[in-house]
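Chemist: What follows is a structure written as structure tokens; I'll ask about it next.
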């Protein structure tokens, strides 16, 4: 099986983002950027499937700025075989990203596309599902376990009530949840080797996809602040306050 | 404006989220229909018919819709969407699964997990785990929206809409339900509970959750939640997780026990009305959002709390 793994360059999850004073967005100047954590889990899963002999080739794709090459190189260092960077200067929306990925999938003919369930910048949680719709493929979202079962893929999903397992025809789309695996750190020799792995650079126009945004961001503001309340000295005082002051007991 | 609300249900009862999404739909203004897609869900359709402000309930009863898998759900909803200007669903794991698929089938950019509605094309949604709030205007003719239920009050009951049975179009057969493992609990559901008590890594084991958290939860009639660290450590199942990637809750009272308060956790509970934190580390970030903080060892404080209630 061939696997395609899209990875997104996002603000590192440890960075506390600040909203710009003019409310046009968050301040990304001199902020550490990393691979979206859910995408790291996706790369790791593909690599594990390759190590288990289920997957034969892994292609890492990123749609973003020139610098998104760093995230592709990280995927290559973790064990992906080659990369494709689709360069865009604007922040492509999920639907446009799904359309580019569809074009790549039609070219590369993977049996499996594994994506992170959401990017931690825009928190939209939709690219995988959209790609599945555009390709007419089945989807196993929020996966906590992925297993090949004959010509099907068994995906265990984290749902509101617990866990659900679905069986998907291949080719299929999987989106990762937190507990699917723990991504490895790339070793230095693998980081060196990754520098020599092939990386194609393309543009959205190469795939004939229109990136005009459908959603216009009118403003980005600070969330309402919640201020710290008081410290109580004992459980007794806590219960008294909750009963008589807050009125919630 | 004609609006379709996709109900969240398990074929036997309607989740609270549906009434909340109807409230959101009412803010858009227009005729609101509710879709019940499932198998043997007539009772659920009757329940939905009682939500005030609903024009009619559409009931699609089909074996292929029993588990609301994304592929048949999206095919059904995309077909129905021809007659609507907006389609709304709760941002539950089910809505998050099928709605983007609907959006792509209709060539629409979904507006995910909205928390407020400014006009019929402008919506407010959190980004960066709630550390920023974006106001976005959609240029798409049709609006495909998921709604964060905790941000809206449930619509009143008192309606008497008609239930209309519809025949689904041909549904894709590319995925199949195999099994599910649902957490069985007599406690209230996490996202609709008035009181939530959550435990963190400091609990140390699933036995300690049972010994210290559960009795207090039972005294309070509270639902039980957990931090990601506690779930990752296997103390409680995944569906207990409160946070950016778990469940977003906004109860009257949220009690955080032994939770340090990573931003990802705060994103899931900071809209609670009253927040209590009990933690032995007085510098824990959780205290910066808590209305009442108690610096104490949870293993002594929780039994005291149980006795004091």
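Chemist: Pairwise over distinct Cα atoms, reciprocal of the mean inverse distance: report the Kirkwood radius of region A:1-63 in Å, one decimal place.
Modeler: On the way: mean 1/r = 0.0738 Å⁻¹.
Taking the inverse mean of 1/r over all distinct Cα pairs, region A:1-63 comes out at 13.5 Å.
Chemist: Okay, next question. Give me the distance in nm between label points sitting 7 Å out from Cα along the Cα-to-Cβ direction at residue B:307 and residue A:27, one decimal.
Modeler: 5.1
Chemist: Is there a simple number for the mean count of other chain Cβ atoms within 10 Å of the Cβ of residues in B:195-207, and what is it? Can you show the working numbers first?
Modeler: Values: counts 2, 0, 0, 0, 0, 0, 0, 0, 0, 0, 0, 0, 0.
Whole-number average of other-chain Cβ neighbours for B:195-207 is 0.
Chemist: Shifting gears a bit: Going out from 0 in 10 Å bins, what whole percent of all Cα-Cα distances in region B:1-139 drops into each bin?
Modeler: Going from the shortest bin to the longest, the percentages are 12, 44, 35, 9, 0.
Chemist: Turning to a different aspect of this structure: Modelling each spin label as a point 7 Å along the Cα-to-Cβ direction, I'd like the residue B:211/residue B:282 distance in nm, to one decimal.
Modeler: Placing both labels 7 Å beyond Cα along the Cβ direction yields 2.8 nm.
Chemist: Would you mind checking region B:117-134 for residues with the amide N under 13 Å from a putative spin-label position 7 Å along Cα→C-beta of residue B:16?
Modeler: Residues passing the 13 Å test: none.
Chemist: If we sort A:33-45, A:49-61, B:6-18, A:121-133 on the protection proxy, mean other Cβ atoms within 10 Å, highest first, what's the order?
Modeler: Working: A:33-45: 24.2, A:49-61: 18.7, B:6-18: 20.8, A:121-133: 27.2.
For the peptides A:33-45, A:49-61, B:6-18, A:121-133, the packing ranking is A:121-133, A:33-45, B:6-18, A:49-61.
Chemist: Oh, and also: Could you work out the mean projected area of the convex hull around the alpha carbons of the protein assembly as shown, in square nanometres to one decimal?
Modeler: Approximately 24.8 nm², given one-decimal rounding.
Chemist: Could you give the distance between the Cα centres of region B:41-72 and region A:183-202, to the whole Å?
Modeler: Taking the Cα centre of each part, region B:41-72 and region A:183-202 sit 50 Å apart.
Chemist: Shifting gears a bit: Can you run the Rg to Rh ratio on region A:107-249? Use alpha carbon positions and the Kirkwood inverse-distance Rh.
Modeler: Details: Rg = 23.4 Å, Rh = 20.4 Å.
Value, to two decimals: 1.15.
Chemist: Moving to a separate point now. Any idea what the relative contact order of chain A is, in percent, if you count C-alpha pairs under 8 Å spaced at least 6 apart?
Modeler: Values: 494 pairs, mean separation 56.4, N = 249.
Taking the mean separation of contacting Cα pairs over the length of chain A, I get 23 percent.
Chemist: Follow-up. Over the protein assembly as shown, what is the percentage of antiparallel beta bridges among all DSSP beta bridges, to the nearest 5?
Modeler: Numbers: 42 of 118 bridges.
Approximately 35 percent, going by the DSSP bridge assignments.
Chemist: Just need the relative contact order of region A:147-245 here, percent rounded to a whole number, with Cα pairs under 8 Å and 6+ apart. Could the numbers behind the result be given before it?
Modeler: Details: 37 pairs, mean separation 11.7, N = 99.
Contact order relative to length: 12 percent.
Chemist: Quick one: if you stick a label point 7 Å off each Cα along the C-beta vector at residue A:90 and residue B:27, how many nm between them?
Modeler: Distance between the two pseudo-spin positions: 2.8 nm.
Chemist: Still on this model: Which residues in region A:228-249 place their backbone N less than 18 Å from a point set 7 Å from the Cα of residue B:300 along the Cα-to-Cβ direction?
Modeler: A:232-239
Chemist: Over region A:94-249, what is the percentage of antiparallel beta bridges among all DSSP beta bridges, to the nearest 5?
Modeler: On the way: 14 of 22 bridges.
Around 65 percent antiparallel, to the nearest 5.
Chemist: Classify region B:93-147: rounded, prolate or oblate, from the alpha-carbon gyration tensor (a ≥ b ≥ c, eigenvalue square roots; a/c under 1.5 rounded; otherwise prolate if a/b is larger than b/c)? Intermediate results must be reported in sequence, preceding the final value.
Modeler: Working: a/c = 2.17, a/b = 1.25, b/c = 1.74.
Oblate, since a/c reaches 1.5 and b/c is not below a/b.
Chemist: Then there's this: If you take the alpha carbon radius of gyration of chain B and divide it by 2.2 N^0.38 Å, what ratio comes out, to two decimals? Write out the running numbers ahead of the final one.
Modeler: Values: Rg = 20.5 Å, N = 309, 2.2 N^0.38 = 19.4 Å.
Cα Rg divided by the expected 2.2 N^0.38 Å: 1.05.
Chemist: Using Cα atoms only, what is the angle between the long axis of helix B:70-80 and the major principal axis of chain B, expressed in degrees (0 to 90) to the nearest 10?
Modeler: For helix B:70-80, the angle is close to 50 degrees.
Chemist: Follow-up. Would you work out if region B:177-309 is rounded, prolate or oblate? Take a ≥ b ≥ c from the square roots of the eigenvalues of the alpha-carbon gyration tensor; rounded if a/c is under 1.5, else prolate when a/b is larger than b/c, oblate otherwise. Intermediate results must be reported in sequence, preceding the final value.
Modeler: Numbers: a/c = 1.44, a/b = 1.28, b/c = 1.13.
Here region B:177-309 falls in the rounded category.
Chemist: Tell me, what is the Rg over Rh of region B:234-291, with Rh the Kirkwood radius over Cα pairs? All intermediate terms of the calculation are to be shown ahead of the outcome.
Modeler: Details: Rg = 10.8 Å, Rh = 11.5 Å.
When Rh is taken as the Kirkwood radius, the ratio is 0.94.
Chemist: For n ≥ 4 DSSP H runs only, could you compute -39500 (n - 2.57) per run for chain A, divide by its residues and tell me the 222 nm figure to the nearest 500?
Modeler: Numbers: 6 runs with 66 residues, N = 249.
Per the formula, -8000 deg cm²/dmol.
Chemist: Can you tell me, using C-alpha contacts under 8 Å and at least 6 residues apart, the relative contact order of chain B as a whole percent?
Modeler: Working: 699 pairs, mean separation 45.4, N = 309.
It rounds to 15 percent for chain B.
Chemist: Only bridges with both residues in chain B count here: give the DSSP antiparallel percent, nearest 5.
Modeler: Numbers: 11 of 58 bridges.
Counting DSSP beta bridges with both partners in chain B, the antiparallel share is about 20 percent.
Chemist: Ok, one more. Please work out the FRET efficiency for the pair residue A:67 and residue B:157, using the Cβ-Cβ distance as r and a Förster radius of 56 Å; give the result to the nearest 0.05. Don't skip to the end; give the middle numbers.
Modeler: On the way: r = 54 Å, r/R0 = 0.96.
FRET efficiency, residue A:67 to residue B:157: 0.55.
Chemist: Under the rule a/c < 1.5 gives rounded, and otherwise a/b versus b/c splits prolate from oblate, where does chain A land using the Cα gyration tensor? Walk me through the intermediate numbers first.
Modeler: Working: a/c = 1.91, a/b = 1.49, b/c = 1.28.
Prolate.
Chemist: Which value, to two decimals, describes the C-alpha radius of gyration of region A:58-154 once divided by 2.2 N^0.38 Å?
Modeler: Details: Rg = 13.7 Å, N = 97, 2.2 N^0.38 = 12.5 Å.
For region A:58-154, the normalised Cα radius of gyration comes out at 1.09.
Chemist: While we're looking at this one, here's another question. Highest mean first, how do A:212-223, A:7-18 rank when packing is the count of other Cβ atoms within 10 Å averaged over residues?
Modeler: With the highest mean Cβ count within 10 Å placed first, the list reads A:7-18, A:212-223.
Chemist: If you don't mind, there's one more thing I want to ask. Taking only Cα atoms of region B:58-214, what ratio of Rg to Rh do you get with Rh as the Kirkwood inverse-distance radius? Let's see the in-between values first.
Modeler: Numbers: Rg = 19.1 Å, Rh = 18.6 Å.
Rg/Rh: 1.02.
Chemist: With all pairs of different alpha carbon atoms counted, what Kirkwood hydrodynamic radius in Å does region A:1-129 show? List each step's numbers first, then the result.
Modeler: Numbers: mean 1/r = 0.0666 Å⁻¹.
It works out to 15.0 Å.
Chemist: Would you mind giving the mean number of other chain beta-carbons within 10 Å of the Cβ of each residue in A:238-247, as a whole number?
Modeler: Working: counts 11, 6, 1, 4, 9, 2, 0, 3, 7, 4.
Average neighbour count from other chains, rounded to a whole number: 5.
Chemist: Which value at 222 nm does chain B reach when only helices count, each DSSP H run of 4 or more adding -39,500 (n - 2.57), with the total divided by all residues and rounded to the nearest 500 deg cm²/dmol?
Modeler: Details: 8 runs with 75 residues, N = 309.
Value at 222 nm, helices only, nearest 500: -7000 deg cm²/dmol.
Chemist: Would you tell me the mean number of C-beta atoms belonging to other protein chains that fall within 10 Å of each C-beta in B:176-185, as a whole number? If you can, show how the numbers build up before the last one.
Modeler: On the way: counts 8, 4, 10, 7, 9, 7, 6, 4, 2, 1.
For peptide B:176-185, the averaged partner shielding equals 6.
Chemist: Set the Förster distance to 25 Å, then compute FRET efficiency between residue B:2 and residue B:118 from the Cβ-Cβ distance, nearest 0.05.
Modeler: Working: r = 20 Å, r/R0 = 0.81.
With R0 = 25 Å, the Cβ-Cβ based efficiency is 0.80.
Chemist: Between residue A:182 and residue A:210, how high is the FRET efficiency from 1/(1 + (r/R0)^6) when r is the Cβ-Cβ distance and R₀ = 60 Å? Nearest 0.05.
Modeler: Numbers: r = 38 Å, r/R0 = 0.64.
Using R0 = 60 Å, I get an efficiency of 0.95.
The numbers here are math on the coordinates, done by the rules we state, and not lab data. Since we're looking at a predicted model, the values are computed, not measured. Note: ideal-geometry Cβ built from the backbone for every residue, glycine included; neighbour counts use all protein chains shown.
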